[in-house]
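Chemist: One structure, pasted below without further comment.
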Amino acid sequence: MNADTLSSAAQLRLLELQAADTFLAQQDHRRKTLPELAAIAQREERASAVHNDIVDTETRISDVAGEQRRLENEVEAVRTRAARDEQRLQLGGLPAKDLAGLQHELTTLARRQSTLEDELLEVMEQREQADTSLTQLISQRTVLESEQAELGASRDAVFAEIDAASAERGAQRESIAAELPEDLLALYERAREHGGGVGAAMLRHRRCEGCRIELSGSELASVRRAGPDEVVRCDNCRRVLVRTAESGL
Ligand SMILES: [Zn+2]
């Protein structure tokens with residue numbers, strides 16, 4: 001199996017190193033898959049859509065306001081002209097032909113004013129609808145911003161917790177690693193890389209805890225033959241196999 005030697009106490013430390021590495025990997029996974037991250041991303045997307053809608057609505061309001069001013073000015077011009085015509089009528093003394101022309105113009109102006117006022121009403125309704133939309137969008141934005149702030153604070157609190165736990169466990173890991181011989185560490189790291197994060201496993205009730213496969217009779221015999229200081233590996237998964245009182249040998 002393997003001829004490298006290491007005291008059985010040091011082999012047990014390898015299990016502690018593995019436990020620390022597993023913990024660190026779990027914390028890293030937790031950091032990356034925090035539900036707050038997905039919730040924040042989702043709200044960012046919605047906030048961006050709401051922002052675009054706000055810009056569009058503000059543009060529409062500005063366009064409608066311009067249209068409203070134009071119509072108001074036009075109504076004002078028509079009114080002024082009609083008032084002037086009325087004045088001329090009241091002054092009297094106009095030739096019959098001019099009088100008929102003036103009366104015709106007044107009728108036309110009245111019709112024009114009525115059309116313009118209808119258009120103005122319609123534009124004012126559009127303006128009101130756009131204002132209502134804008135108010136709703138701004139309130140959506142406010143809700144999203146406050147949700148973002150809450151989620152961000154929650155995320156930061158969990159991150160701080162993870163970072164503190166990882167820093168503490170990481171320091172423990174380093175001190176364990178410092179005790180172990182370099183070639184064993186290298187072996188462990190290689191096995192860990194190929195073994196989905198697990199490089200050392202306990203032999204428990206004749207089963208490798210790394211791959212969960214029970215050792216065959218000949219494998220067990222080989223492990224039994226190996227001295228306590230000998231580093232053995234699982235024939236199946238190649239992880240370092242650490243023997244304890246529970247190994248069932
Ligand atoms: Zn195995």
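Chemist: Quick check on this structure: which one of L185, L151, L220, L137 is farther than 30 Å from R43 by Cβ, away from the ligand (no atom under 16 Å from the Cβ) and assigned to a helix (DSSP H, G or I)?
Modeler: L185
Chemist: Follow-up. Considering only residues of the range 220-249 that are of a type in the set (K, R) and over 44 Å from the mean Cα position of the chain (by Cα), which is surrounded by the most Cβ atoms within 10 Å (Cβ to Cβ)?
Modeler: Checked the range 220-249; the qualifying residue surrounded by the most Cβ atoms within 10 Å (Cβ to Cβ) is R243.
Chemist: Within the bounds of the range 155-165, is there any residue that is of a type outside the set (A, V, I, L, M, F, W, C), assigned to a helix (DSSP H, G or I) and open to solvent by less than 60 Å² (accessible area, probe 1.4 Å)?
Modeler: No - not one qualifying residue is present in the range 155-165.
Chemist: Collect the residues in the range 1-50 that are more than 21 Å from the chain's Cα centre (by Cα) and assigned to a loop (DSSP other than H, G, I, E, B), keeping them in residue-number order.
Modeler: If the condition is that a residue be more than 21 Å from the chain's Cα centre (by Cα) and assigned to a loop (DSSP other than H, G, I, E, B), then M1, N2, A3, D4, L6, S7 are the ones that fit.
Chemist: Would you confirm, using the coordinates I've provided, whether S114 is of a type in the set (S, T, Y) and either modelled with pLDDT under 95 or open to solvent by 60 Å² or more (accessible area, probe 1.4 Å) (or both)?
Modeler: Against the criterion (of a type in the set (S, T, Y) and either modelled with pLDDT under 95 or open to solvent by 60 Å² or more (accessible area, probe 1.4 Å) (or both)), S114 does not qualify.
The values are calculated or read from the model by the stated rules, or taken from the named source; none is laboratory data. Since we're looking at a predicted model, the values are computed, not measured. Positions of Cβ are backbone-derived with ideal geometry, glycine not excepted, and every protein chain shown enters the neighbour counts. We work out accessible area using only protein heavy atoms, side chains counted, and drop any ligands, DNA or RNA first. Shrake-Rupley method; radii C 1.70, N 1.55, O 1.52, S 1.80 Å.
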